[in-house]
Amino acid sequence: MARNNARPLSPHLGIWKPGIHMTLSIVNRVMGAGLATVGVLALVWWLVAASSGAEAYATFMGIATGWTGYVVLIGLTFAFFLHMAMGIRHFVMDMGAGFDLKANRAWAWVTVIVAVVLTGLTWFVILNKGL
Amino acid sequence: MGNGTALGRVRGLGSAKGGSHHWWLQRVTALGNLILVLWFIISLLRLPSMEHGVVIKWLASPLAAVPMALFIINVFWHFRIGMQVIIEDYVHGGMRVITLGALHIWTFAAGGFALFAIFKIAFTGAPA
């Protein structure tokens, strides 16, 4: 499987002018990977702690309501909503729509706005009643 | 079929015939996620608080425990497929085999613990 490094590669990241659609494509992968690791860890920890009893649950909640907990949870909320909005955008593109440059850029921005607004709304509700 | 470049080695073999199924499952589980994760977030937001007793009482109800278990299965299936694609894109050679193995173990171990926790609460958690 040795590869001859002298051979040319097809055009890659370096030659393209970065745009929101390209950036979001990368960010979407990173968000997915973050949810699959950090998000899953937090979810499983929460469930196992809840099933283990009040003491284990209190330990989890102690960390979740500390400032690191908030940073991670708000980050996960944003990651989910962005991944969700990007996923819906993918459904549209899977049907062959939304590929011309202007529409593609515009909808890419819409996913970011949707993610920010939904994350804000979610945490507005949470902080209003306390975690 | 040549044996020089990576392209030369695979030219003429055709596709592995598994790609479109993989791609399709990613979309099907994505649709499931859309429903189940939103259900999960809205359910948590509607709980009066995140105190232990409240959460246990909620999860002990079949109307929470069943979608919660489905949520775990669907989300884990989806991330298992997605992470495999990422690994196949960026990790090569022997490391790829190790990483894919680790992903598989992570998915099933974490999923097993999550499902057990849900069922434990559902079956023993709170008096009906």
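The values are calculated or read from the model by the stated rules, or taken from the named source; none is laboratory data. Bear in mind the structure is a predicted one, so any value in this text is a computation, not a measurement. For neighbour counting, all protein chains shown are included, and Cβ atoms are generated from backbone atoms with ideal geometry for every residue, glycine included. These area figures cover heavy atoms from the full protein model, side chains too; ligands, DNA and RNA do not enter into them. Shrake-Rupley method; radii C 1.70, N 1.55, O 1.52, S 1.80 Å.
A few comments on the model shown:
- Pairing chains B and A buries close to 2900 square angstrom of accessible surface in total, based on protein heavy atoms and a 1.4 angstrom probe.
- Taking 0.36 nm per residue of sequence separation and removing the Cα-Cα distance, the B:Thr124/B:Leu34 pair yields an extension gain of 29.4 nm.
- With the helix formula -39500 (n - 2.57) applied to DSSP H stretches of n ≥ 4, chain B reaches a computed 222 nm mean residue ellipticity of -27500 deg cm²/dmol.
- Taken one residue at a time, the phi angles of the range B:50-63 give Karplus couplings (6.51, -1.76, 1.60, θ = phi - 60°) of 9, 5, 3, x, 5, 5, 4, 4, 5, 5, 6, 6, x, 5 Hz. Gly and Pro are set to x.
- All aspartates and glutamates inside 19 Å of B:Lys17 as judged from Cα atoms, apart from same-chain residues fewer than 8 positions distant: B:Glu88, B:Asp89
- Electrostatic dipole magnitude of the protein assembly as shown [Cβ: Lys, Arg +1; Asp, Glu -1; Cα centre; debye, to 20]: 700 debye
- Table column - 3J(HN,Hα) (Hz), the range A:93-106, Karplus curve with 6.51, -1.76, 1.60, x for Gly and Pro: 5, 4, 7, x, 9, x, 9, 6, 4, 5, 5, 4, 4, 4
- Remark: chain B carries a charge dipole of roughly 260 debye about the Cα centre, counting +1 on each Lys and Arg Cβ and -1 on each Asp and Glu Cβ.
- Annotation: lysines with alpha-carbon distance below 22 angstrom to B:Lys57 (same-chain offsets under eight excluded): A:Lys129, B:Lys120.
- Intensity falloff of chain B expressed as log10 I(q)/I(0), Debye formula with alpha-carbon point scatterers, at q = 0.14, 0.16, 0.18, 0.20 Å⁻¹: -0.76, -0.91, -1.05, -1.17
- Simple spin-label estimate for B:Phe108 and A:Thr23 in nanometres, 7 Å along Cα-Cβ: 4.1 nm
- Using a simple spin-label model with pseudo-atoms 7 Å out from Cα toward Cβ, A:Ile63 and A:Val117 lie 3.5 nm apart.
- Shape category assigned to the protein assembly as shown from the gyration tensor of Cα positions, a/c cut at 1.5: prolate
- Remark: the range A:23-32, residue by residue, has Karplus-estimated 3J(HN,Hα) of 4, 5, 4, 5, 4, 4, 5, 4, 4, x Hz, where x stands for each Gly or Pro and the curve is 6.51 cos²θ - 1.76 cosθ + 1.60 at θ = phi - 60°.
- Kirkwood Rh in Å, taken over all unlike Cα pairs in chain A: 17.6 Å
- Total charge dipole magnitude, the range A:1-112, about the Cα centre, Cβ charges on Lys, Arg, Asp, Glu only, Debye to nearest 20: 580 debye
- Cα-based reach from A:Lys102 at 17 Å (exclusive), listing lysines while leaving out same-chain residues under 8 positions away: A:Lys17
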